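In what follows, a single structure is set out as structure tokens and then discussed.
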Amino acid sequence: EPEVTQTPSHQVTQMGQEVILRCVPISNHLYFYWYRQILGQKVEFLVSFYNNEISEKSEIFDDQFSVERPDGSNFTLKIRSTKLEDSAMYFCASSVGTSSYNEQFFGPGTRLTVL
Amino acid sequence: AQSVTQLGSHVSVSEGALVLLRCNYSSSVPPYLFWYVQYPNQGLQLLLKYTTGATLVKGINGFEAEFKKSETSFHLTKPSAHMSDAAEYFCAVSAAGGFKTIFGAGTRLFVKA
């Protein structure tokens, strides 16, 4: 059964460093998403991506964040200069169509720890 | 704007007992509603969703939920809990044609033998 994969499973970084979180969505999906879950808190929407551009983003997704689909299979989230408060579980998801009509398939997540 | 409130961060039931996880939503447009389950160290898995039509929605693993517009609720139920149901459950809402899904804070379900 096709699934969304994410690497690494756990990333530890120093404050101020850049990190790139990687995701491989399901191959025939067209919409891609990043969510984050700070420990003990709710899952929060960060950004959606379709047709090589951002379709919607939340207020959390500021200039420190960027997304890219560099090679037609990977979907990446870059945090330019990490802050302590960026420590969270980051989930990638993909869907065939928009999230409201179609099931989003989630990856297992990358736990980011910023020291 | 849309939001979701899940009542009870933790719910504990005995094996074989009724499971009831409560969710209320707020939406300025007709909502699409979802329940997701998260097992330890795994991603989110869709249990069921309501878009339009029948207000009682059946999902996987024997779960079902009923959309009640007058109560702005979408509670999740299962007649008989199983040990394997122990997990975190998230209620979520999105708008028709929307790109984002708004999640509730989650309810952790414990099942006692």
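None of the figures in this text is laboratory data; all of them are computed from the coordinates on show. Just so you know, these numbers come straight off a predicted model, no measurement behind them. Every residue, glycine among them, receives a Cβ derived from its backbone with ideal geometry; neighbour counts consider all protein chains shown.
For this structure, a couple of remarks:
- Among the residues of the range A:1-39, the one identified as surrounded by fewer than 16 Cβ atoms within 10 Å (Cβ to Cβ), within 9 Å of chain B (Cβ to nearest Cβ) and not polar (S, T, N, Q) is A:3.
- Some residue of the range A:27-37 being among the basic types (Lys, Arg) and either out of contact with any Ser or Thr (no Cβ under 8 Å at 6 or more places or on another chain) or closer than 20 Å to residue A:3 by Cβ (or both): yes
- The strands (runs of 3 or more DSSP E) located wholly in the range A:43-112 that include 2 or more residues which are away from chain B (no Cβ under 13 Å) occupy A:65-68, A:75-79.
- For the criterion of being among the basic types (Lys, Arg), within 13 Å of the chain's Cα centre (by Cα) and crowded, with 17+ Cβ neighbours inside 10 Å, residue B:78 passes.
- Cβ-Cβ under 7 Å pairs, at least 6 apart or on other chains, the range A:16-27 side touching a residue at least 12 places away in the same chain (Cβ under 8 Å) and outside any loop (DSSP other than H, G, I, E, B), far side charged (D, E, K, R) and surrounded by 13 or more Cβ atoms within 10 Å (Cβ to Cβ): A:20/A:78
- The range B:81-95 - residue that is surrounded by 13 or more Cβ atoms within 10 Å (Cβ to Cβ) and of a type in the set (A, V, I, L, M, F, W, C) and, of those, farthest from the other protein chains (Cβ to nearest Cβ): B:81
- Residue B:59 at the interface with chain A (Cβ under 9 Å from one of its Cβ atoms) and touching a residue at least 12 places away in the same chain (Cβ under 8 Å): no
- Residue satisfying all of: in the range B:39-56; of a type in the set (S, T, N, Q), in a loop (DSSP other than H, G, I, E, B) and within 11 Å of chain A (Cβ to nearest Cβ); surrounded by the most Cβ atoms within 10 Å (Cβ to Cβ) among these: B:51
- The range B:15-30 residues that are part of a strand (DSSP E or B), paired with ones that are charged (D, E, K, R) (beta carbon under 7 Å, 6 or more apart): B:19/B:78; B:19/B:85
- Residue match in the range B:22-32 (condition: surrounded by 14 or more Cβ atoms within 10 Å (Cβ to Cβ), out of contact with any helix residue (DSSP H, G or I) (no Cβ under 8 Å at 6 or more places or on another chain) and among the aliphatic types (A, V, I, L, M)): no
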